[in-house]
Amino acid sequence: MSAPADLATLPKAELHIHLEGAVRPATLEEFSAREGVSIPRDFTDLNSFVERYVSATQVMIRPGDYRRIVSEYAEDVKRAGVRYAELEISPALGPRTLDSFYEAAEAASDEQDVVIRFVLGLGRLMPHGILHQALDATRNVPSLVAIGLGGPEEGFANEPFVEVFAEARRRGLRSAPHAGENAGPASVRDVLDSLKPDRIQHGVRSVEDPELVRELAERQIHLAVCPTSNLRLGVVESLDEHPLQELWAAGVQISVNTDDPGFFDCDLVGEYEIAGRLLDLDRSGYARLARNSIDGSFAPEELKREIRSEIETWETGAGAARG
Ligand code: ADE
Ligand code: ZN
């Protein structure tokens, strides 16, 4: 079944996207030339990718850089039908000027009709002594909805992050750590027990433990999956081997997302097309995937209702005959 021609107008949310990883390649080139720093281009797995990612943040250091990345992201995803996005920001990666990134988000809401919220992205590589400081630094960010945890996974314990996640939850933030990307089901299990996630970023390697998959489905723990990222970082050898279908068939609530589109040469409509092929989706299947992205989001209920109704219009609307 071919994808509907109007897939880009299907209203959707993006739930797994890193702010620094959303930078347009041309913008990163420009920052890199300005600072006279070249960013290595080669990566083969999560560890080598994270090194490259950290080096890219070393050129995002001038007033206005973050603002520009957010505005350009909003412009780009508007064309992919995104109505709501949660951008994970890694404030502790270096001495940067994180000026006005949330004001840019406000402007994006007004100008592009894309509502942007932020996730505080802690990293498993971060010195443990600064975790609470990183949380405190975001106290006045009005649009922060969650706390996350990324970076290399295999060989890193979650225990040092338990207290800061608990404090974040007490402050009303939701929990959305990465797990089950380059480490297996034990890592997902550990995150479930220690960080009380409302949503897991990736989680795809849960598929290696059927009991865990059943639990994720039963508890409706959302998995924010990123097929192209998984391919680029060697989590799967080919898209045909991606476990999306197994998770979907088991009733796990999944969405598809781009993770770091500026590095992986992908876009959200493309990820929907990949899912459409792997899951053999018809028009209502695509609508279900988009509804999942709303259900797994931390958007206010009123906005969720509004977008769900727009999805229904897309599903049953004038374009229906084409898909
Ligand atoms: N930071 C940016 N992208 C990431 C990913 N795919 N996994 C873990 N940390 C990340
Ligand atoms: Zn990620």
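The values are calculated or read from the model by the stated rules, or taken from the named source; none is laboratory data. Keep in mind it's a predicted model, so treat the numbers as computed, not measured. Note that we place each Cβ from the backbone using ideal geometry, even for glycine, and neighbour counts take in every protein chain shown. Each accessible area value is taken on the protein alone, full model and side chains, heavy atoms only, with ligands, DNA and RNA left out. Shrake-Rupley method; radii C 1.70, N 1.55, O 1.52, S 1.80 Å.
In the range 53-196 the Cα-Cα distances spread across 5 Å bins starting at 0 as 2, 9, 18, 20, 20, 16, 11, 4, 0 percent of all pairs. Using a Gaussian network model of the chain in which every pair of alpha carbons under 10 angstrom is joined by a spring, one finds that among Pro300, Pro25, Pro91 the greatest mean-square fluctuation is at Pro300.
Full extension of the chain between Ser2 and Arg62 yields a length gain of 17.2 nm, computed as 0.36 nm times the residue separation minus the alpha carbon distance. Excluding Gln245 itself, what net charge comes from residues whose Cβ is under 11 Å from its Cβ, given Lys and Arg +1 and Asp and Glu -1? With Lys, Arg at +1 and Asp, Glu at -1, the neighbours total -3. Between Thr316 and Ala166, the simple label model (points 7 Å from Cα in the Cβ direction) yields a spacing of 4.8 nm. Taking amide hydrogens as placed 1.01 Å from N in the peptide plane, the amide H of Val23 sits under 5 Å from those of Gly262, each at least 5 positions away in sequence or on another chain.
In order along the range 23-28, the Karplus-derived 3J(HN,Hα) couplings, from 6.51 cos²θ - 1.76 cosθ + 1.60 at θ = phi - 60°, round to 4, 5, x, 5, 5, 5 Hz, and Gly and Pro are given as x. Straight-line reach from Lys196: taking Cα to Cα under 16 Å and skipping same-chain neighbours fewer than 8 places apart, the aspartates and glutamates in range are Glu159, Glu163, Glu167, Glu215, Glu218. Taking every protein chain into account, the accessible area of the range 7-316 amounts to 40 square angstrom per residue (probe 1.4 Å).
Restricting the trypsin sites (Lys or Arg not before Pro) of the range 51-91 to loop positions (DSSP other than H, G, I, E, B) with no more than 13 neighbouring Cβ atoms within 10 Å leaves Arg79. A full extension of the chain between Ala157 and Asp110 corresponds to an added length of 12.8 nm, given 0.36 nm per residue minus the alpha carbon distance.
When the chain is treated as a GNM, springs tying every alpha-carbon pair under 10 Å, which of Gln133, Gln220, Gln253 comes out with the largest mean-square fluctuation? Most flexible of the set in this elastic network: Gln133. Rolling a 1.4 Å probe over the protein heavy atoms of the chain, with every protein chain left in place, gives an accessible area that is 48 percent carbon and sulfur.
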